[in-house]
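The next block holds one structure in the form of structure tokens; read it before the comments.
All of the numbers you see were taken from the coordinates with simple rules; none came from a lab. Note that this is a predicted model, so its numbers are computed, not measured. Note: ideal-geometry Cβ built from the backbone for every residue, glycine included; neighbour counts use all protein chains shown.
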Amino acid sequence: MKRRSFIKATAVATATPAIWSEAKAQARNETLLIVGESPPNSMDIHGVGANRPAYEVSWNTHDRLITYGAKKDANGNDHYDYTKLEPELATDWNVTPTSATFKLRRDAKFHDGTPITAKDVKWSFDRAVTVGGFPTFQMAAGSLQKPEQFVVVDDYTFRVDFLRADKLTLPDIGVPVPVIMNSELCKKHATATDPWAMDWCKNNHASGGAYKVERWQPGQEVVYVRNDDWKAGPLPKVKRIIMRIIPSAGNRRALLERGDADLSFDLPPKDFSELKSSAKLTVIGTPIENAMIYLGMNVTQKPFDNVKVRQAVAWALPYQQIMDAVMFGQAIPLFGGADNKFKGIYWPQKDGYATDIAKAKALMAEAGYPTGFETTLSFDLGLASTNEPLTVLVQESLAQIGIKTTINKVPGANWRGELLKKNMPMITNAFGGWLNYPEYFFYWCYHGQNAVFNTMSYQNPAMDALIDKARFTTGPEYEAAVKGFIDMAFEEVPRVPIFQPLLNVAMQKNVTGYRYWFHRQLDYRQLAKG
Amino acid sequence: MLPLLRHARYVLSENPITGLAFGLFALFLIAGIFGPALAPYNPLQSNSAMALKPPSTAHWFGTDQLGRDIFSRVLVATRLDLSIAFASVILAFLLGALSGVAAGYFGGWTDRVVGRLADTIMAFPLFVLAMGIVAALGNKVINIVIATAIINFPLYARVARAEANVRREAGFIEAARLSGNGEARVVLGHVLPNIMPIMMVQMSLTMGYAILNAAGLSFIGLGVRPPDAEWGIMVAEGANFIQSGEWWIALFPGAALMLAVFCFNLLGDGLRDIIDPRKRT
Amino acid sequence: MLKLLLSRLVTAIPSIIGVVIVTFMLTRLLPGDPAAYFAGLAASPQAIAEIRAKLGLDKSLPEQFVAYIGDLLTGNLGSSLSTGQPVATEIATRLPASAELTLVALILAVGIAIPLGVLAAVKQGTWIDHLCRIVTTAGVSLPVFFTGLLFAYVFYYVLQIAPAPSGRLDVFLSPPSDITGFYLIDSLLTGNLETFWGALKQLALPAISMAIFSLAPLARMTRGSMLAVLGSDFIRTARASGLAPRTVVFAYAFRNAVLPVITTLGMVFSFLLGANVLVETVFAWPGIGLYAVNALITSDYAPVQGFVLTMAVLYVALNLLIDFVYGLVDPRVRLDS
């Protein structure tokens, strides 16, 4: 380490920095350079197969009716507050048991100068619930399902009629999906076969948010420039933002350390843990809400249909080794709690399992597999940097109780397809829900509706009853239901929680204003440089 | 045999580097055969407490991110890499030499078909074709062997064909035919053995390339699966650690890789000199 | 001359046909279900089946092949799942980046290998000859991704004399107007020296890594052919006539020795096009190699198909060009045919 800094110090004298002209140095100070690993594959969040980086583009270039407020988390860092809904395009709203009426600002304009009115909001909402795929599915999570629910009262008043009493309806309006798009502009590019202008919107912009896309080179970079006429919130401080794709994590780290880049997500946990101790950069790690990395077992396949086998596996995982060698401490453990019982209305939470090979072996014998069995452990190659070492450690540990595992790497684009088939016996996977409610997580992961996220194919009517109760009640009934399903989840353990991941971001010391959002993307509007 | 050995010794004395190459080759063979027995640690044994330790007396090459001993892994990987290389080269030889000899000896349709096949393969940049084949057939070691064999096939076929063509009218072949040997017997029993020396040179030269190919494929994730030890995949994993200063994880497998390829290339050159009659004075 | 060119063209056609068939087969074998990807999260099996029908993936293989050929003839190479763009456009935009890198690497390699080979031949058997052999063999023995990583670490991170491996141009320089797509040429044509230097600096490390890898075959060929020429009769005559050694080597021997080297260029290009993929991955070079690797890892089959096809067609065209140039340079070939 010392020698490296010495070489760096002496080399600086002989180094030839990039040729900066005066104008360029100026431009550098006003621009925020973000480096990332994956590029957005669409400029349209409602587009088919739009990926997470595409959500980031959408979030920053479009407005939504409402947004979330902010609070400070346990470490004093800026964190969105899911209990506080705040105005964005809507200045005010009135909620009754059957509907919510939003008053829109009158001075908001799209990037092409057209005023934003309620008909644009309706068109955008209709689009979200009609185009299918993830957007429609996300809208439905808050009971926003039919275009009839969305009513234009007048140019600046918009009403949403409720389908049922769902506490998630209002929060769902603040998620990335229901963006407000320029309906007149889109309609000009719509065709008979493409009434929602999906084709045009993929590569073009019908937006009105805080930032405009100045240039998009697919696969390489997105350049944003601030919309100086933005009215739906305080004007952002950074005038220009460049999001550059650098596939190699080592190079991204080098750029940050050299000061040639301002901010990066997407670094391996080891780099983040080392950068945290570096004096040059600010590293903020926020536990990702309602998310966990887990080991899932397909309960419809022998021998995982036997609860004792599943418990044996839960007692045999090398938890602490994973925390140390794979995550370098950059995660929140979900194991080693006092017991396998409910600890409060929050999720994820610690279960009582820990590494206890003797207990695991005893359970295997009780289950009727004293000599073990063979199985396959699959993982998503798209998350190889964590998954590869993790599965190797798990393989080693399970071998100690007689379970011989073959590791199966599944390429990124196939992973979803494979999950849908629901025939992988054992997998390691991650899931996180945008809306921070335990029943939201359980609805997608443990409910008998058998969504793709219920990777274990777990179907238990008793569990379903508890989840449904929790979704539509409040108060003591709600708490009892949550307690019920968490206890059941730990006892039945179709998926073994391992850890809660952190969202780590590293940035230069002169970059401030980072706020953690539930969608795990960067909100440029709060950032400042210098 | 004796004149050949004497000649070999002459060439080696002229060319100490070839001698060095032979020595290295012997070393690699020993490592490949006895590696797993000689390894001080279990190459698959992880030990997170000892992760990322630099080279020391306990761990000559240091440890990787899961605490595994790199020296043991590099040693054991020798067997996998050499096996992949040998298997691909032998497969390529069998496919290429046999079809090439047939093409050169019989001419006509055989020649045209083999030629077309070779041309189609040669039309692809070779690594790209290997990528495509392994991706299509699946992430298994056997597929790396198949892919490498396929991309080397045209080279062997062409050399074999040229040599067979030259010898077709040679006296000793005529004699073999006249003694009543069937065509197959002539090809397999007389032509093939005769071109062996040149084929051996080819094989040695392409061994190096086969190892690099396997390493390149592993680097982009198409190859050997974890936790198996193979030089290429170890370099790929080690690449992530260079920036943070753990240079040994990538360096030692990379050096082993380079040394092996280097050795085979020099060996090929040396063999070529040995069998080259123009060098005989 | 024209007849020569036409006859070579005709022999290339079966190769292209073979390439198209092989590419199709390979990518149909690629694991992965684009229909599931397109259908999105939580899609029901029916939704996926619908999308599969829409993409034409439920038809039989021969039917798909016909559709594939039809698409090819209209220049439609499909769309990428991960970038959402048509493959043909992306390949067209990214090809100049790879081409520029490969050409610069080739020029570098030729510039070093040929003098080295000549030197080794002229001083045959001496330590220079051995040194040349070791250096070039070492170059080709190092995996090109390893060299690249090492260089990036040593020259950028430690010594800080190379720019960040972040692509073709530093983030704060704008690319020159798109005339040829080659930054070096375009920046010179528009008189933009700053961009020219910027682009050159970014090219340095990746090009050197690739060049090192292709030194060996070129140097070896040059040396071999130079040796053969130096031993020939007409050179002996030249020497006997009392011409200065330098004249003999450069004016007579060299020109004749260069000919076989031209044919090696074909093989060298194959090396380079393969090395391209690895180098682009290490240096974040936005060429078609990186594009293909990313697509391969995510089982995005359309770009992989397009990439393999493009590379093969390019390679066939290059070989044709080399044959043509060789025909131009060597009158014996012309007269023979």
Expressed as a rounded percentage, what relative contact order does chain B have, with Cα pairs under 8 Å and six or more residues apart? 23
What is the Å³ per residue value for the convex hull set by the Cα atoms of the stretch B:96-218? 104
Running a GNM on chain B with Cα contacts under 10 Å, which residue among B:Phe153, B:Phe93, B:Phe61 ends up with the highest mean-square fluctuation? B:Phe61
Give the calculated FRET efficiency between A:Glu214 and C:Arg239 to the nearest 0.05, with a Förster radius of 51 Å applied to their Cβ-Cβ distance. 0.15
Alpha carbon centroid spacing (whole Å) that separates the stretch A:55-73 from the stretch A:392-458: 30
Computed, not fitted: 222 nm per-residue ellipticity of the protein assembly as shown from DSSP H runs ≥ 4 (each -39500 (n - 2.57)), nearest 500, equal to -17500 deg cm²/dmol
Cα extents of the stretch C:209-300 along the three principal axes, largest first, in whole Å? 66, 18, 14
Of C:Ala67, C:Ala88, C:Ala99, the most mobile residue in a GNM of chain C (C-alpha springs, cutoff 10 Å) is C:Ala67
Classify chain A from the C-alpha gyration tensor, please: rounded if a/c falls under 1.5, else prolate or oblate depending on whether a/b exceeds b/c. oblate
In cubic angstrom per residue, the convex hull of the stretch C:46-120 built on its Cα atoms measures 165
Column: log10 I(q)/I(0), Debye, Cα scatterers of chain C, q = 0.08, 0.12 Å⁻¹: -0.51, -1.01
Quotient of Cα radius of gyration and Kirkwood radius for the protein assembly as shown, i.e. Rg/Rh, equals 1.00
Straight-line reach only, C-alpha to C-alpha below 16 angstrom: list the aspartates and glutamates that A:Lys509 could link to, leaving out same-chain residues fewer than 8 apart. A:Glu30, A:Asp78, A:Glu257, A:Asp260, A:Asp262, A:Glu274
As a percent rounded to 5, the proportion of antiparallel DSSP bridges among beta bridges in chain A is 75
Counting only other chains, what is the mean number of Cβ atoms within 10 angstrom of the Cβ of each residue in peptide C:283-290? 3
Rounded to whole angstrom, the alpha-carbon centroid of the stretch C:247-326 lies from that of the stretch C:115-165 at a distance of 20
Loop trypsin sites (Lys or Arg not before Pro), the stretch C:106-185, which have at most 14 other Cβ atoms in a 10 Å radius of their Cβ (DSSP): C:Lys123
Taking DSSP loops as anything outside H, G, I, E and B, show the longest stretch in chain A free of trypsin sites (Lys or Arg not before Pro) there with at most 11 other beta carbons within 10 Å. A:165-508
Semi-axes (Å, rounded, descending) of the ellipsoid equivalent to the stretch A:87-229 per its C-alpha gyration tensor are 26, 18, 15
Let me make sure I get this right: for the stretch A:304-463, a, b and c are the square roots of the gyration tensor eigenvalues over alpha carbons, sorted descending. Under 1.5 in a/c it's rounded, otherwise prolate if a/b > b/c, else oblate. Which is it? rounded
Over all alpha-carbon pairs of the stretch A:309-374, lay out the pair-distance distribution in 5 Å bins, whole %, shortest bin first. 4, 17, 21, 20, 17, 13, 6, 2
Test item: A:318-326 mean partner chain Cβ contacts at 10 Å: 3
Using Cβ contacts closer than 10 Å as the measure, can you line up B:Asp69, A:Asp468, B:Asp269 from fewest to most? A:Asp468, B:Asp269, B:Asp69
Cut-off 12 Å, label point 7 angstrom out along Cα-to-Cβ of A:Asp339: give me the residues of the stretch A:350-367 whose amide nitrogen falls inside. A:352
When chain B is modelled as a GNM with alpha-carbon springs shorter than 10 Å, which of B:Gly208, B:Gly189, B:Gly62 fluctuates the most? B:Gly189
Residue-ordered couplings for the stretch A:293-305, obtained by feeding phi - 60° into the Karplus form 6.51 cos²θ - 1.76 cosθ + 1.60 and rounding to whole Hz (Gly and Pro as x), are 9, 9, 10, x, 10, 6, 6, 8, 10, 5, x, 6, 7
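Taking a temperature of 25 °C and a viscosity of 0.890 mPa s, what whole-number D in µm²/s does Stokes-Einstein yield for the stretch C:90-231 with Rh from Kirkwood over alpha carbon pairs?
Diffusion coefficient, whole number: 147 µm²/s.
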Averaged across the residues of A:382-391, what count of C-beta atoms belonging to other chains lies within 10 Å of each residue's C-beta? 3
Among all helices in chain C defined by DSSP H, which have a length of 15 Å or more along the axis from Cα atoms plus a Kyte-Doolittle mean of at least 0.0? C:2-29, C:61-73, C:87-122, C:127-141, C:193-230, C:255-283, C:301-329
Out-of-range pairs (alpha-carbon distance over 24 Å; input A:Lys237/A:Lys280; A:Lys188/A:Lys231; A:Lys302/B:Lys140; A:Lys302/A:Lys343; A:Lys341/A:Lys409; A:Lys119/A:Lys187): A:Lys188/A:Lys231; A:Lys302/B:Lys140; A:Lys302/A:Lys343; A:Lys341/A:Lys409
What is the stretch C:54-169 by shape, rounded, prolate or oblate, if you read a ≥ b ≥ c off the alpha carbon gyration tensor as root eigenvalues and call it rounded for a/c under 1.5, prolate for a/b larger than b/c, and oblate otherwise? prolate
Work out which helices of chain B, taken as complete DSSP H runs, extend at least 27 Å along their axis over the Cα atoms and score a mean Kyte-Doolittle of 1.6 or more, then list them. B:16-38, B:70-106
